[in-house]
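Take a look at the structure set out below.
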Amino acid sequence: MTEPLIEKTTGWRGTREIWIEAAYQALLENGIDGVKVMPLAERLGLSRTSFYGHFSDRDDLLNALITLWQSKNTGNLVRRTEDYAETITEAILNLFDLWLMPELFDSKLEFAVRNWAHTDASLAVLLDEADRVRVGALQTMFERFGYDAAYARVRADTIYLTQIGYISMIKDGPSEPLGPRLQRMPYFVEIFCGKAVSDAETARFFARHPLESQT
């Protein structure tokens, strides 16, 4: 095979990070069957040999994608439930930052991983564990604000299943305009916890998510 031009002219063989990024994009675009070494090499203008300078095999790359998903989505969700908040309504608004900031929670990656798990039994086990950890963190958040364990679990399930269902229905991102979606979020908070969001909490939340920064 002819050496790709980028390697031939510069000697650069890429980094582990750019291979993971290329695999991430391929996963989002074509599902797990699109994450294969040769197509990724062609996408990057690098050789198959350069891949093996960073990964032992394709499974090693797939494990890196799974680690990215675990760290970003599960890790950040758990951390958000533990963030400082004076009220349960403020705590839920902190959580809602995840649904609006892809750098904190990647909904497209979540959708892709859930589809991938349908054909990968070992990943399905990890997905079940992630769901358990996330719901457990949400339940603990409610209990921290005095909710009985049984009610806390049902409220945690309601938040989590609502958002995962939302993600599953909109592969390419929200189809609704952001403005109305943001305006409804304080009402969702009240439904989820039974308490109204204060004007000050609403103002702080909207200040974190001005419409002009979302377009």
Under the Karplus relation with 6.51, -1.76 and 1.60 and θ = phi - 60°, whole-Hz ³J(HN,Hα) for the range 188-193, x at Gly and Pro, equal 4, 4, 4, 5, 6, 10
Please label the shape of the range 109-183 as rounded, prolate or oblate, based on the square roots a ≥ b ≥ c of the eigenvalues of the alpha-carbon gyration tensor (a/c under 1.5 means rounded; beyond that, a/b larger than b/c means prolate, else oblate).
oblate
Using 0.36 nm per residue, how much length does the chain from Thr15 to Ile191 gain when fully extended, once their Cα-Cα distance is taken away?
58.7 nm
Full extension between Glu42 and Leu211 adds, at 0.36 nm per residue less the Cα distance, a length in nm of 57.0 nm
Can you compute the modelled spin-label distance between Tyr84 and Asp120, with each label point 7 Å from Cα toward Cβ, in nm?
3.9 nm
Output ordering of 193-199, 46-52 (per-residue mean of other Cβ within 10 Å, highest first) is 46-52, 193-199
Where does the charge balance sit around Asn73 when Lys and Arg score +1, Asp and Glu -1, over other residues with C-beta under 12 Å from its C-beta?
+2
For the chain, give the percent of accessible area contributed by carbon and sulfur heavy atoms, probe 1.4 Å, rounded to a whole number.
55 percent
Over the chain, with a Gaussian network built from C-alpha contacts below 10 Å, which listed residue (Ala203, Ala23, Ala41) shows the highest mean-square fluctuation?
Ala203
Using helices alone, I'd like the mean residue ellipticity at 222 nm for the chain: each DSSP H run of four-plus residues gives -39500 (n - 2.57), total over residue count, nearest 500.
-21500 deg cm²/dmol
Mean separation of Cα contacts under 8 Å (at least 6 apart) over the residue count of the range 96-215, i.e. the relative contact order in percent, is 20 percent
The range 106-215 accessible area per residue, 1.4 Å probe, protein heavy atoms, integer Å², reads 56 Å²
Hey, rough spin-label estimate for Val133 and Arg204, points 7 angstrom out along Cα→Cβ, what's it come to in nanometres?
2.7 nm
Just to confirm the number: angle between the C-alpha axis of helix 88-100 and the first principal axis of the chain, 0 to 90 degrees, nearest 10?
30 degrees
What is the calculated FRET efficiency for Ala149 to Leu28, with r their C-beta to C-beta distance and R₀ = 41 Å, to the nearest 0.05?
0.65
Find the accessible area per residue for the range 16-70; the probe is 1.4 Å, ligands and nucleic acids are left out, and the unit is Å².
48 Å²
What do you get for the angle between helix 121-144 and the principal long axis of the chain? Use alpha-carbon atoms, 0 to 90 degrees, nearest ten.
30 degrees
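The values are calculated or read from the model by the stated rules, or taken from the named source; none is laboratory data. Model, not experiment: these values are computed from the prediction. All Cβ positions, even for glycine, are placed from backbone atoms using ideal geometry, and neighbour counts span all protein chains on display. For the accessible areas, the whole protein counts, side chains as well, though only heavy atoms, and no ligand, DNA or RNA atoms are used. Shrake-Rupley method; radii C 1.70, N 1.55, O 1.52, S 1.80 Å.
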